[in-house]
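Have a look at the structure below, then the notes.
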Amino acid sequence: MENRLKELNDTQQEAVRHIDGPLLILAGAGSGKTKTITTRLAYLLDVVGVPSSSTLTLTFTNKAAKEMRERALSMISKDGHPPLLCTFHKFGLLFLKFNIHLLNRKSNFVVIDSDDKKRILKRINPDLPTPLVASEISRYKNSLLNPDEALQQAELREYQKIAKVYAEYEAYLVENNLVDFDDLLALTYRLLDENDDLCKLTSDRYRYIMIDEYQDTNELQLRLIKKLCCSHSNICVVGDDDQSIYGWRGANIRNIVEFAKDFNDAKVIKLEYNYRSKAPILSVANALIEHNRTRVGKKLLCTKEGGEAVVMLSGADESEESQKIAFKIKELIDSGVSPSECAILYRINALSRSLEEGLNRANIPYRLVGGLRFYDRAEIKDLIGYLRVAINPHDNYSLKRIINRPKRGIGKMSIEKLELEAIRSAKSIYEYIKSASIGELELLVRKKNSQTLKKFIKQLDELQDASLRSLYSLVDKLDDLFGIRASFEAMPDGADRVQNIDEFYGLFRDFVKQRPEATLDDFLNEALLSSAQDEVEGQSIYIMSIHASKGLEFDHLFVIGLEEGFLPLVGEGSDLEEERRLGYVSFTRAKETLTLSHVQSRYYKGRRTELMKSRFFGEAGLCEASLKVEKVTAFKKGDLVRHKIFGAGRVTGISRAGREFKLNINFGGNRREILASFVERL
């Protein structure tokens, strides 16, 4: 173990040797977080002598848990029972197996996945959008709201309906001895909250608790952690407030920023030495993230001097952008760089379309991580289906895809009956519905649906007429008739899907504009060829979203789409500080070189739009800011403030310190100069 400790720097060693009391290890990108936390676990077991059964280490993915377990066990000299190191939800599963009987439920319950959940919800109420209902019920459970409380809070009629579905869904789970993914934590918390003896017994059992990726915890997980620490305060959390990028799925950055409020007398150790990136990369990452105010505050320190300056790449549009990046990657590969050491990141999935086409043209093999190719996405396939039917309404395959997309209440059984009757009549499905009387259709589908089918066929005829009149405005007519864009907006991932639809609409208009003589068939054939890339063999470069890149690193990194509206994403519901953290995460994936790309115009909300260069270039010190962004202090002379070490004090003066503000504070006669981000107003 002493040899293992010698491999760590001084602050890493300090974190490992801290035993009792709350500890926050604020671990910057590339600072050896996993090495530190696994060494600390091994130190507790092998040097301090803590029984493995008294430790509990929680993380977020099975992959991370497996890696940490293997690393920690490789350091331990003693044989014995391995420590419990698992995900939050695996811990919940184990806990419920032993204790769910206290809720008058059986321990042989079955855990259902998200697909099972959606099937159950669809059976309860097929008229409500199932993804929205599933998302809302998940939110209720993570907010610890039962169905009655959810109904009381619901103001809109649709959400009142969802709350009623929630009640039926919960009754179904209990009756059939099922639990869903959210129950694994919600029911665990409920048991600990309602049974004081069980709570104390569990806390006494796990005397030393460690939490990885603490910045990704939500409110329920924080409350669960507090229950597990009810009889002691030996809680060590590891994370990086500057890499908190999952606010959209419930992660709460305040958990890590205000750790010292939740756990008294907490010690904070900052791991600031970066072992990944060259100096120019760290310089722009540090400069960018300093503009955030909701952070504990740290600065990445370079251990790898030298390196090339960060490159700003500019292009007229996304086609030129992908061409330039493909050329640069080709140069790297020709110079001997392995393709797997190159990656391209983007904030919005829709931007992958132009990249894929550019890489295909350059014959550069790529692998899309964490997502479907642009033309393979469901919403894009739906749009292509409508266009195919506009060309050929007798295309049964495409018509069956779109007949209930968006939902019209035409179920699978109804479609099968229509297809069978069409075959018997020697007609296409389109022909059969168009020629059949309402009475004939009512023999196959519900009365309401027979009218719906007639309306659908009439709309398809209008779409076909529109395709013959003006190809350029065809997608406008398509959306007016069928409301495809609006149908996706209510979904949990609706914003991303709408961006993809807008990208497709813009691509279509641009195709028609550049090739006025082309037909709709020409467009569809080109789209098909673009999406039919052969299976990648051998090594390939990676393209992925910034969210998917977290935890990864690459020698040569390209980040595209640094324009206002794309990175940062701006508008209702966006969080500029989280957008800035996304920029920081993307920059710090690079080891050797970093290239940041922006274009003058791109498809934005379905139209080619002139774009402003991202404010992040200016904030990172790469150029004069395209937007004037001034950091302002929330404090003024005379304010009462609190510091986690010096306690309460009064601000006596304010001055600038680089991009921050420096406060002169009188702590009961003890005068200090402290950066504004390190205190809070009382």
Evaluation of A150 against (1) touching a Leu at 6+ places or on another chain (Cβ under 9 Å); (2) surrounded by 18 or more Cβ atoms within 10 Å (Cβ to Cβ) (one fails), failing number
(1)
How many residues of region 91-119 are among the small types (G, A, S) and modelled with pLDDT under 90? The answer is 2
Matching residues in region 135-158 (free of Cβ contacts under 8 Å to residues at least 24 places away in the same chain, in a helix (DSSP H, G or I) and either under 23 Å from L224 (Cα atoms) or charged (D, E, K, R) (or both)) number 5
Tally time: how many residues in region 473-517 are over 30 Å from the mean Cα position of the chain (by Cα), in contact (Cβ under 8 Å) with a residue 40 or more places away in the chain and exposed (fewer than 14 other Cβ atoms within 10 Å of the Cβ)?
1
Can we say G307 is open to solvent by 10 Å² or more (accessible area, probe 1.4 Å), touching a helix residue (DSSP H, G or I) at 6+ places or on another chain (Cβ under 6 Å), part of a loop (DSSP other than H, G, I, E, B) and of a type outside the set (K, R)?
yes
Restricted to region 359-374, and to residues that are open to solvent by less than 40 Å² (accessible area, probe 1.4 Å) and among the aliphatic types (A, V, I, L, M), which residue is modelled with the lowest pLDDT?
L368
Cβ pairs under 9 Å, 6+ apart, first in region 590-617 and closer than 22 Å to Y472 by Cβ, second among the β-branched types (V, I, T) and open to solvent by 10 Å² or more (accessible area, probe 1.4 Å):
S601/T609; R602/T609; Y603/T609; K605/V498
Select, from V585, V599, V559, V570, the only residue that is over 16 Å from A285 (Cα atoms), β-branched (V, I, T) and modelled with pLDDT of 90 or more.
V599
Which residue, of Y206, Y159, Y189, is touching a strand residue (DSSP E or B) at 6+ places or on another chain (Cβ under 7 Å), open to solvent by 10 Å² or more (accessible area, probe 1.4 Å) and of a type outside the set (A, V, I, L, M, F, W, C)?
Y206
Could we say that G21 is under 29 Å from the mean Cα position of the chain (by Cα) and open to solvent by 10 Å² or more (accessible area, probe 1.4 Å) here?
no
Complete set of residues in region 340-352 that are open to solvent by 10 Å² or more (accessible area, probe 1.4 Å) and either touching an Asp or Glu at 6+ places or on another chain (Cβ under 7 Å) or in a helix (DSSP H, G or I) (or both)
S340, E341, N349
Evaluate the following for E673: is it acidic (D, E), under 27 Å from V257 (Cα atoms), part of a strand (DSSP E or B) and at pLDDT 80 or above?
yes
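Conditions tested, residue by residue: (1) in contact with a Phe, Trp or Tyr (Cβ under 8 Å, 6 or more places away or on another chain); (2) under 19 Å from N3 (Cα atoms).
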residue	(1), (2)
L44	yes, yes
S53	no, no
L58	yes, no
A64	no, no
L73	no, yes
P83	no, no
F88	yes, no
Out of all the residues in region 257-302, which are assigned to a helix (DSSP H, G or I), farther than 19 Å from K550 by Cα and among the polar types (S, T, N, Q)?
S283
Determine whether region 76-99 contains at least one residue that is aliphatic (A, V, I, L, M), closer than 30 Å to R589 by Cβ and within 29 Å of the chain's Cα centre (by Cα).
yes
Hits in region 259-281 - residues which are closer than 30 Å to T593 by Cα and free of Cβ contacts under 8 Å to residues at least 60 places away in the same chain
A279
Name the residue that is surrounded by the most Cβ atoms within 10 Å (Cβ to Cβ), counting only residues in region 88-131 that are of a type in the set (S, T, Y) and in a helix (DSSP H, G or I).
T130
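For every residue, the table says whether it meets (1) under 27 Å from the mean Cα position of the chain (by Cα); (2) not in a strand (DSSP E or B).
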{"position": "K226", "(1), (2)": "yes, yes"}
{"position": "C230", "(1), (2)": "no, yes"}
{"position": "V238", "(1), (2)": "yes, no"}
{"position": "D242", "(1), (2)": "yes, yes"}
{"position": "W248", "(1), (2)": "yes, yes"}
{"position": "N252", "(1), (2)": "yes, yes"}
{"position": "N255", "(1), (2)": "yes, yes"}
Run L552 past the list (1) among the aliphatic types (A, V, I, L, M); (2) open to solvent by 10 Å² or more (accessible area, probe 1.4 Å); (3) at pLDDT 90 or above; (4) assigned to a helix (DSSP H, G or I) and report the number of the one that doesn't hold.
(4)
For the list (1) more than 23 Å from T588 (Cα to Cα); (2) touching a helix residue (DSSP H, G or I) at 6+ places or on another chain (Cβ under 7 Å); (3) part of a helix (DSSP H, G or I), I need the number of the one condition that L73 fails.
(2)
Among the residues of region 381-431, the number that are among the acidic types (D, E) and open to solvent by 40 Å² or more (accessible area, probe 1.4 Å) is 4
Cβ-Cβ under 9 Å pairs, at least 6 apart or on other chains, region 176-190 side more than 15 Å from L144 (Cβ to Cβ) and outside any loop (DSSP other than H, G, I, E, B), far side open to solvent by 10 Å² or more (accessible area, probe 1.4 Å) and among the acidic types (D, E)
L178/D116
Restricting attention to region 315-332, the residues that are open to solvent by less than 50 Å² (accessible area, probe 1.4 Å) and closer than 16 Å to F558 by Cβ number exactly 8
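Residue by residue, here is whether (1) within 20 Å of I645 (Cβ to Cβ); (2) surrounded by 23 or more Cβ atoms within 10 Å (Cβ to Cβ) holds:
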| residue | (1), (2) |
| --- | --- |
| Y214 | no, yes |
| R223 | no, no |
| H232 | no, no |
| C236 | yes, yes |
| V257 | yes, no |
| R276 | no, no |
| A279 | no, no |
Tally the residues that are assigned to a loop (DSSP other than H, G, I, E, B) and among the basic types (K, R), restricting the search to region 593-613.
1
Is it true that E356 is open to solvent by less than 50 Å² (accessible area, probe 1.4 Å) and in a helix (DSSP H, G or I)?
yes
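The values are calculated or read from the model by the stated rules, or taken from the named source; none is laboratory data. Worth saying up front: this structure is predicted, and the values here are computed from it rather than measured. No Cβ is skipped: glycine too gets one built from the backbone with ideal geometry, and neighbour counts run over all protein chains shown. Just the protein is used for accessible areas: all its heavy atoms, side chains included, with ligands, DNA and RNA removed. Shrake-Rupley method; radii C 1.70, N 1.55, O 1.52, S 1.80 Å.
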